[in-house]
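Reading through the structure tokens given below for one structure.
The values are calculated or read from the model by the stated rules, or taken from the named source; none is laboratory data. Keep in mind that what you see is a predicted model, and the values were worked out from it rather than measured. No Cβ is skipped: glycine too gets one built from the backbone with ideal geometry, and neighbour counts run over all protein chains shown. We work out accessible area using only protein heavy atoms, side chains counted, and drop any ligands, DNA or RNA first. Shrake-Rupley method; radii C 1.70, N 1.55, O 1.52, S 1.80 Å.
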Amino acid sequence: LRTGADRLAIMARSAAGLSPAVHTFLQRLGCRWYFGDEDWEVIPQARDITVALDVATQPDFLLRNITSGTRAIAGARDMDLWSERNRLGSGIRGGIHHSYSGFVPDALFKEHPEYFALKDTNKDGVGDVRTPAQPCTTHPEVVKLFTAGAVARFAKEPNLDLLPVSPNDGTVNMCRCERCRAVGSYSDCAWLLAHQVADAVRAAMPRRAFWIGFYAYGVVSTPPRLKAEADPNIAIQIATAYNRVSVDT
């Protein structure tokens, strides 16, 4: 945001940054959108506007959003507008959410139960009951479903920026089979799969810009102990609720 003699410049590094730049300027003029309804809008009235600005900012996070019942109550369109006005979200196409079932649907459980998690029901760290709630992330055929599915999705949608590879909701159902336990914690297993998917996409599309989204939530909110370098193609979204320390840490 920069002012000069009879001139106001609102600039952004990309088209995606222009809306946050405009709304940053409006907030400096006193505009507020506390909730989606017009009753919660504050739009100052002024005949003349005088400003002197020389501001250059950059967000600390790749993207931000709020998950709440507001979207269901107000409607997705209203929530999107409210988010834009409050500089939430981003110009990134795609989002991070629970997504394992999109790669390994639970309909496969009847034919391939071995693709799914051995849940630890005894709380002794060892899986003992097979469940379709989560896949076994270390099963070789499951890894193939994820890597092939991710490559196909990026090939089909050339404008897609971010693809989530995150456990289904109910992370306590994740696998504790012998192979998964050898990898490490719940977080280690989920992280390993995200890295494998990122590697596969890079190999198939070496010039493609992309992110694999990982949702740090539930038992996978505990930092992984996996010995792996930070991956520039993996974006982490930290949840601020429903997190817990894994029972195996």
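Filter region 72-101 for residues that are assigned to a loop (DSSP other than H, G, I, E, B) and either in contact with a Pro (Cβ under 6 Å, 6 or more places away or on another chain) or at pLDDT 95 or above (or both) and give the result.
R87, I96, H97, S99
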Residue under evaluation W40, criteria (1) at pLDDT below 85; (2) open to solvent by 40 Å² or more (accessible area, probe 1.4 Å), criterion not met:
(1)
I'm trying to understand the selection: among the residues of region 23-48, which are in a helix (DSSP H, G or I) and within 21 Å of I66 (Cα to Cα)?
H23, T24, Q27, E38, D39, W40
Selection from region 102-124 of residues in a helix (DSSP H, G or I) and open to solvent by less than 60 Å² (accessible area, probe 1.4 Å) yields F103, L108, P113, Y115
Which residue out of A182, A209 is open to solvent by 10 Å² or more (accessible area, probe 1.4 Å), within 28 Å of P113 (Cα to Cα) and of a type in the set (G, A, S)?
A182
Test: A152 is modelled with pLDDT of 95 or more and farther than 28 Å from D124 by Cα:
yes
When you look at K144, is it among the charged types (D, E, K, R), closer than 30 Å to M205 by Cβ and open to solvent by 50 Å² or more (accessible area, probe 1.4 Å), yes or no?
yes
Looking only at region 188-232, which residues are free of Cβ contacts under 8 Å to residues at least 12 places away in the same chain, over 17 Å from the mean Cα position of the chain (by Cα) and assigned to a loop (DSSP other than H, G, I, E, B)?
P206, R207, K227, E229
When you look at A203, is it farther than 16 Å from S99 by Cβ and open to solvent by 10 Å² or more (accessible area, probe 1.4 Å), yes or no?
yes
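Are any residues in region 165-187 among the hydroxyl-bearing types (S, T, Y), farther than 17 Å from V104 by Cα and outside any helix (DSSP H, G or I), and if so, which ones?
Result: S185, single match.
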Residues of region 129-146 satisfying the condition of being farther than 12 Å from V104 by Cβ and out of contact with any strand residue (DSSP E or B) (no Cβ under 9 Å at 6 or more places or on another chain):
T138, P140
Six or more apart or on different chains, Cβ under 7 Å: which pairs go from a residue in region 126-150 that's in contact (Cβ under 8 Å) with a residue 60 or more places away in the chain to one that's surrounded by fewer than 19 Cβ atoms within 10 Å (Cβ to Cβ) and not basic (K, R)? Could you list them?
none
